[in-house]
Structures are given as structure tokens and as C-alpha cells.
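Scroll down for the structure; my scribbles are underneath it.
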Amino acid sequence: MTQAELRLCSLLLQEHFGEIVEKVGTSLLRTGPRPLRLLVGDTGLLSDQVKKALCVLIQHNLVRYDVLQPRGCVEYEARSERILRILRYPRYIYTAKTLYGDPGELLVEELLLHGHLPMSCAVARVADRLTETMEDGKAMDYSEVSSTFVRLADTHFIQRCPAAPESPQSPKAPAPPAPALAIAEKDMYTVPRLSLFGKGKRRHSCSEEEEGEQKVKRQKQEGGRSETPPDDGIYWQVNLERFHQHFRDQALVSAVASRMDQTSSEVVRTMLRMSEVTTASGASHTQPLSSNEIFRSLPAGYNIGKQVLDQYLALLADDPLEFVGKSGDSGGGTYTPPELPSPSPCLHPSLIPLLLHRFGSRCARIFRLLLRKKHLEQKQVEDFAMIPAKEAKDMLYRMLSENLVSLQEIPKTPDHAPSRTFYLYTVNVMAAARMLLHRCYKSVANLMERRQHEMQENKRLLEKSQRVEAILASMQATGAEAAQLHEVEEMITGPERQQLETLKRNVNKIDASENQVDETIFVLESFIESTTKRL
């Protein structure tokens, strides 16, 4: 992995899990798979600290382990691609909110926050959180949250975690050094039948919480056992690949809408929605769909005839970007939806702004020209782009030095004499995508460090603001008068309040920038992955 990826992974681990976990994770990323003994020596931490850090990383699927058969030693390996997905957590949560409302948002948030949870525990937590936001006297019913959980599982946005097989072993047989986790594909999205009755509970006051804790301790001392949940041992996690499939579909629909019109994008959206049912998630190719099937599946609001639909499908199939592929003429014509792992129509808009910013509009014009014409000589570039020869030569060499374009030699004779050789410029899309991805990783790391700097510079003021807010909350809970509340609010002066507003505005800008860069990272990673699979 590159230094930019390593730096970004280190910052993400430190921000979300603390210094000890970050030190263990960074050591694994630098050195590769390591056993526990070497990992303790590399980090300089205590053995118990390293064990707890590994537990946290395994809980969140950021580290995998493998048993080396000859010696039976367990090696731990960091999953860099999974660590980088932490950057996309806000997008997963927002998508769940858009599709399934507040219960879906909080369910995905709880699963991402804890790594994996049983269904009963996740439903109870979400119901309690939703009850906190309701008016007094109202509470969220477990059944409503449970139905949203089932819908998330049915659409594969969440899935069951692999579990250790329940194989009976003789007492004399030695226990394996680490359990081998596995799950059948048919059980991955099967929700256990649970009877979850009840409503969410509100948080109690400190005194009531202390009384509850003392009651639990007394029950333990008296030998009372807590009731085992009915789904004990069945854990659930977020299926990130399903979210990525949804993002790819959205990106393709947006690309069609910007290139053609809204009706074309709705036709592509319908085809993608149909392919979710007809094609398995791991399939290399999507199943062809007939024109008649697409026509019957269009939303009711789109009153377009069969003949108009056929015209739209023909336009999509003839487009140079190949949004839709035609595979036959049966059933009014059979069409293949856009390949899910190939968002190449969305890649070009990510590259053009970089060229505009770094090299200017004329370089961007040459780049677009090479993308369209594939191969051109320098004289052809000058003529087609209508740019003077000196400027065109300078711009081509600048892009060549940045690895955005490449030069291909086609000799007329075996001796490769320059006077008898064609020199063709072409766009090296893969190299350009990798270069832009590297810059995106550096940008996100810089944004995170800038946010940490801003928070550290205003640490004292933030702590003071939190103390004042806590005092105000406690006074409001006890029914304090408005004059008393106003007096406490005055503890933060006008300049300090203005400084807090500026800090909040800057942090919000940094967060929005991170999300925007991550959208570009997603498109680039998907393009590189799909192109590599085809090679």
C-alpha cells in the first residue's frame, strides 16, 4: 500500500478507536501478517493491551486472522480496504435514512458503531433512542423497529456474521488455536423468528441509574442469572458491498440523466432494479431483460408508450458510453443493464475538474479530445483542438510528465527511425485514475489533520462550552427560571460565542469536503477494480 493510504488508515484508526488501537493497526499495515508475540514486540505495548486492541479490530472486521497449519500459530492481518471504508460511514447511514427512515438510519448506525450486534439488542437500542426523541408519554414499539430490521435483511443491506461451527468434539481432542468461522449462503440473510414485544425506554436520572446498578449487583450476588436472549449467538453486520451496489446504480442513473434526460435515467433505474432480482450479487454478468418486461416494470407515473420505450432503449444502446447493451431481438429486443462494477461513464467528470484546476481549460479540451478520438498525432491534436502548435506541444508534454496521457510509437520500418515512425498520443485512463486516487487519499488525510488542528486550537473553549451546556441541561430539567438560565448563558462572552460559530462553520466545511472527496474515491476505486477484473 502507498504512504498516502497508510497515513489515512492511521488517522482513521486514531480518530475512531484511540492511540493504542491505532498503534496496533498501523504496525500490522506496515509489516503485514504477524503473530501476537511479534506484534507485542513491534508496538512496545503490554500483551493485554495488544489483545484488547485486536479484539476491537476483529469486532469491527478491520483485522482477519489465519491459523498456520504446520505450527498451529495464529497470524493477524490488517484489512486496509476495510479500514478506508470508515470514511464512508456517514454515507451508509444517510442512505439507510433515505430508504428506510429513522429506524433504518439508527439500525445501520448501531451496527457500524459496535461492529456487529444480535437483532434483539439492536432493536432495543434503536427503540430506546427513538423514544428519547418523542414527546412525553409516547414510546417507540419494538415491532416497528423489528419490521425495518427485516426489510434491511431482505434487501441484503445487513447480513449475518459467520459463526463457529457447532461440531461435537471429544473431551480429549485438543481445542483449535482459533475457531474457523463460516456461514452458509442461504442463511446469510435469514432473520430468526423472534417475538420482540415492548416499547423503548427513556434514560433515567443519575440516582435511578445508580439504584438500578446496585439492584443488578445484588441479583448477581444472590446467584440470579440474567435471561439469555432468544437470538444469542446470531450476530448481524452491515453489508457494505450492497451499499456500494446501490451507490453505483445511483451514479449510473445520474450519469444517464446528465447526458440524456430524466426519462432515460428512469428506464436505466428500472433495469437496474429488475437486475437486482434476476441476477445474483456475485455474478459476473447481468441477465438480459426483454423490452416487454422493462415496459411492464416502469413506474406508474411514466406514461410512455412501448414504441417510445424502444426508441429510448435504442438510443441508450447506441451511445458511445454503452449505458445499455443489446443482446438479442426476442421479446421485442433483449437488453443488458449496465454492468454493476463498471461506472466508467461517471469517471470522466472526476478527471476533467482536476485538469481544469491544474492545467487550464485548453488542457482539458485536449484531454476530452483524446478520450473521444482514442489516438491522435500532435498535428491532429493542434487541428482538432484549434490550439497553436507551440501551446499544444507544451500542454501535451505537461500531461505526459504527469502520466495523464501516454505516447505510443508505431514504426513504418523495423529500424524505428524517428522520421519513419508515427507518434500517437492517447489517454492512459488507468494511470490517470490511480494518480487521482492517490491525490484523493492525500486530500482526505490533510482534511482530517486540519480538523484535528482546529479542535486542538480551540480545546479550552470547547470544554467550557460543554460545561455550560451541561449546567443548562440540568437546570432546565429541575425547572430553573429564565433569569437563572440567562445568567449561565452569559458565562460565554460574545467574542467566545463568535469564535465557536467560526469553528463550527469551518468543521462543517471540512466534513462536507471529506464526503465530496469520498464520492470521487468510490468512483475511482470501482473503476480500477472493474477494469482489473476484466484484464
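On a per residue basis, the chain carries 58 Å² of accessible surface, using protein heavy atoms and a 1.4 Å probe.
Once C-alpha pairs closer than 8 Å and six or more residues apart are averaged by separation and normalised to the residue number of the stretch 365-449, the relative contact order reads 29 percent. Under 19 Å Cα-Cα from Lys393, which aspartates and glutamates qualify once same-chain neighbours fewer than 8 residues away are excluded? Cross-link targets: Glu377, Glu382, Asp383, Glu402, Glu409. Taking amide H as placed 1.01 Å from N in the peptide plane, the amide H of Val405 sits under 5 Å from that of Leu400, Asn428, each at least 5 places away or on another chain. For the pair Gln49/Ser401, report the inter-label distance in nm, with labels modelled 7 Å from Cα in the Cβ direction. Result: 4.7 nm between the two label points. The H on the amide N of Thr421, modeled in the peptide plane, is under 5 Å from the matching H of Lys412, each at least 5 residues off or on a different chain. For Arg79, the residues 5 or more places off, or on other chains, whose built amide H falls under 5 Å of its own are Val63, Arg64. A simple spin-label model places the labels of Lys306 and Ala178 5.9 nm from each other, with each point 7 Å out along Cα-to-Cβ. Applying a DSSP loop filter and a limit of 14 other Cβ atoms within 10 Å to the GluC sites (Glu not before Pro) in the stretch 487-524 leaves Glu490. Other residues whose C-beta falls under 13 angstrom from the C-beta of Phe359 contribute a net charge of +2, scoring Lys and Arg +1 and Asp and Glu -1. Contact order, relative form, for the stretch 433-527: 57 percent (alpha carbon pairs under 8 Å, 6 or more residues apart, mean separation divided by residue count). How far is helix 89-114 tilted, in degrees, relative to the longest principal axis of the Cα atoms in the chain, given as a value from 0 to 90 rounded to the nearest 10? Tilt of helix 89-114: around 70 degrees.
For the stretch 43-96, the list of trypsin sites (Lys or Arg not before Pro) that fall in a loop by DSSP and count at most 11 other C-beta atoms within 10 angstrom reads Arg71.
In a fully extended conformation the segment linking Thr263 and Leu424 would gain 54.0 nm over its present Cα-Cα distance, using 0.36 nm per residue. The fraction of accessible area contributed by carbon and sulfur in the chain is 51 percent, rounded to a whole number (1.4 Å probe; ligands and nucleic acids excluded). For the pair Ala417 and Ser530, a Förster radius of 41 Å applied to the C-beta separation gives a FRET efficiency near 0.55, rounded to the nearest 0.05.
The values are calculated or read from the model by the stated rules, or taken from the named source; none is laboratory data. Since we're looking at a predicted model, the values are computed, not measured. Every residue, glycine as well, gets a Cβ built from its backbone with ideal geometry; the counts of neighbours run over all protein chains shown. All accessible areas refer to the heavy atoms of the entire protein, side chains included, with ligands and DNA or RNA removed. Shrake-Rupley method; radii C 1.70, N 1.55, O 1.52, S 1.80 Å.
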